[in-house]
Structure formats: C-alpha cells, structure tokens
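The values are calculated or read from the model by the stated rules, or taken from the named source; none is laboratory data. All figures in this text were calculated on a predicted structure; none of them were measured in a lab. Methodologically, a virtual Cβ is constructed for each residue, glycine included, from the backbone with ideal geometry; neighbour enumeration extends over all protein chains shown. Remember, those area values only see protein heavy atoms, side chains included, never the ligands or the DNA or RNA. Shrake-Rupley method; radii C 1.70, N 1.55, O 1.52, S 1.80 Å.
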Amino acid sequence: MDFIFLLLKQNILMFMYLLIGYYLYRKKLISTSGSADLGRMLLHIIMPAAILKSYLADYSARLLKGLFVSFVAALLSLLLAIIISRIFFSKEHGIERFSAAFSNAGFIGIPLVQMTLGQEAVFYVSSFVALLNILQWTYGILVLTQDRSVLSFHKLRTNPIILSFLGGLLLFFLPVSLPDLLDGMIGTLANMNGPLAMMVLGTYLAQVPIKSLFTEPIVYRCILIRLLVIPAFTIVLLFLFPTEYHTIKLTILIAASAPVGSNVAIFAQLYQNNYIRAVKEVCLSTLLCIFTLPAIVGVANYIL
C-alpha cells in the first residue's frame, strides 16, 4: 500500500502544480504565447536535461541489460497501444487514434517515475520517451493528416528528445564524466521538469471552458481507452518479462498509463485538425489520471 499512497501523493502534488498554471493564465499573469514559450522551453531544454541526467551513471553490465529490456518492453507496449487505438477508432478519428496511442510519458511519466521509483528508473523510461517521440513524428502525424508527404526525416534528426537520448547513451558508454558545474546545472534543469510541465498543462486547461470538457462522447471513449484499456493490456504484456525486472516493468507501465500526450494538441493545431477536442482530451485525461494511474500501478506492483 505504501507504493500506492506514494504515487497518489505525487499525483496530487502534480495536480497542485497544474492549478498554479491554471491560476496564472486565468489571472492573465501568463498569456497564450507565454504558455507556448514555456512548452518550447520544456521540449528543447528541460526534458532533454532530464533524459541526459538519467544517463549520467557509471557503465555496468546490469544497467546495460536493463536498458535493453526496457527498450524491448517500451517498443512492444507502444505497438500494442497503436494496435488498440486502431481497433477502437476509425481513420476518420485521427485525433483519437493519436491521443489513445500516445501517453504523456515525457511531461508526466518521467517526473512520476523519478519521484516514485528513483533516478535509475528514469534511465529506463527514457527508452519509452525516445521511441514515443519517433512514433509521434512519423505514425502520429500520418494518422492526423492522412498525407505521407508531411513526414520529414529532418524533423526526427533534429528532435531534441531523440538527440538527448542518443547523447545520453554516448555519455553512458564513454569512460568520461562531466565537470561538476555542468553536472549540477543539468540536474537542476531536470528537477524543473515535473513542476513546469504541469503548470503548462494548467494553462492549457485554463483555455477551455470547464463545462465543455464533458460534452463530447468521443472524448470519454478516447480517455477510457487511454487510461484503462491500454494500461490493462500493458500489464498482460509485461507478464512476458521475468520478475527480476519488476522496477523496469513498473517504469514502463507508469509511462504507458499516463494521460493523453500534449503533443496531440500541438500537432492538431499545426495541421489544422480539431485542436479544441484534442485539448479537451489532454486536460480531462490529465485530471482523471490522478485516480486511475495510482490504482493501476498499485495493483501491478503486487501482481507483476
């Protein structure tokens, strides 16, 4: 039960950060463009720093083996999520295919993993985040636009999350260590990930009338798949891995059980899709995961 209470406590804490963002926007202390700027800072600086920090560990065969297991588990769980989203939503519902398949593993998954399972677990969840970004910028854009011409290798090659993942791997394998000053700076930036990410989501929530969150049935269906169906099938999938990888399995499950990823709203706006519905799915799923995520991971902690 201690693990469930810890996870619930961290979720409540992150919800409080979300309320701060909501308050700042509603009181006009931060603008729409300001929240977008904070989002870009998260994507280009804070989240890459969190991923890099997880790889600033001494090389060991145990960590290397764990990295391989986490990569395989992450890939399988993401492919499972894509398959399930395609079963429940037709190609005309590209936003829901994207929303259901891709969790907010970066903004919410990394902070929760770090606060509940420790820094080493971030080392393992980084595989999930990197793979998720690759799939979002390829398959995700394709389901939103139904147009293969919008796919760009250059965007993948310059994606800050993928670059930080590759850079972190390089630092892990090389027999070098960063200067204390640089190491400390990366650690400080990494610690900003959870609070700042939730504040940005709070500004998203403040841009949508609260009542409108509950008016579209397809939003409920999408959130049901994202928060309950996909995590349940992910638990079944994780039984394929030995019990010695218990922490890795919980790490992957937390990432897979996170709410709808905020990138769906960004991409929907960029490609002239239903941006408002995407924001509703992000915000409502973020609120509901306060209850669903601790319950799912708490049960899995005893049975995996």
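Could you state the per residue volume, in Å³, of the convex hull enclosing the Cα atoms of the range 4-129?
Residue-normalised Cα hull volume stands at 140 Å³.
How are the alpha carbon pair distances in the range 1-49 distributed across 10 Å bins from zero to the largest one, expressed in percent?
Distribution as computed: 24, 33, 31, 11, 1 percent.
Tell me the Kirkwood hydrodynamic radius of the chain in angstroms, computed as one over the mean inverse distance between distinct C-alpha pairs.
Across the chain, the inverse of the average 1/r is 19.2 Å.
Per residue, how many Å² of accessible area does the chain show with a 1.4 Å probe?
44 Å²
Using only protein heavy atoms and a 1.4 Å probe, report how much of F68 is accessible, in Å² to the nearest 10.
Ignoring ligands and nucleic acids, F68 comes out at about 140 Å².
Just grab the label-to-label distance for K28 and D183, each label 7 Å out from Cα along the Cβ direction, in nm (one decimal).
Placing both labels 7 Å beyond Cα along the Cβ direction yields 4.8 nm.
Count neighbours as other Cβ atoms within 10 Å of each site's Cβ, and list the GluC sites (Glu not before Pro) in the range 74-180 that are DSSP loop with at most 12 such neighbours.
E92
What full-extension length gain, to one decimal in nm, is calculated for I45 and A232 as 0.36 nm per residue of separation minus the Cα-Cα distance?
Between I45 and A232, full extension yields 64.0 nm more.
Using 0.36 nm per residue, how much length does the chain from L64 to T243 gain when fully extended, once their Cα-Cα distance is taken away?
In short, 62.7 nm is gained.
So which helices of the chain fit the span-like rule, where a helix is a whole DSSP H run, its Cα atoms reach 27 Å or more along the axis, and its mean Kyte-Doolittle is at least -0.5?
Helices meeting the span and hydropathy rule in the chain are 2-26, 61-88, 275-303.
Work out how far the C-alpha atoms of the range 133-252 reach from end to end along every principal axis, then list the three figures in whole Å, largest first.
Principal-axis extents of the Cα atoms in the range 133-252, largest first: 55, 38, 36 Å.
Just need log10 I(q)/I(0) for the range 86-178 at q = 0.13 Å⁻¹, Debye formula, equal scatterers on the alpha-carbon atoms, no solvent, rounded to two decimals.
The calculated log intensity ratios at q = 0.13 Å⁻¹ are -0.55.
If you keep only loop residues by DSSP, which trypsin sites (Lys or Arg not before Pro) in the range 1-87 have at most 12 other Cβ atoms within 10 Å of their Cβ?
Those that pass, being in a loop and sparsely packed, are K27, K28.
If you average the C-alpha positions of the range 240-304 and of the range 1-68 separately, how far apart do those two centres end up, in angstrom?
13 Å
With an 8 Å cut-off on Cα pairs and a minimum separation of 6 or more residues, tell me the relative contact order of the chain in percent.
This gives 33 percent for the chain.
With r as the distance between the Cβ atoms of L79 and I4 and R0 = 35 Å, compute the FRET efficiency 1/(1 + (r/R0)^6) and round to 0.05.
0.80
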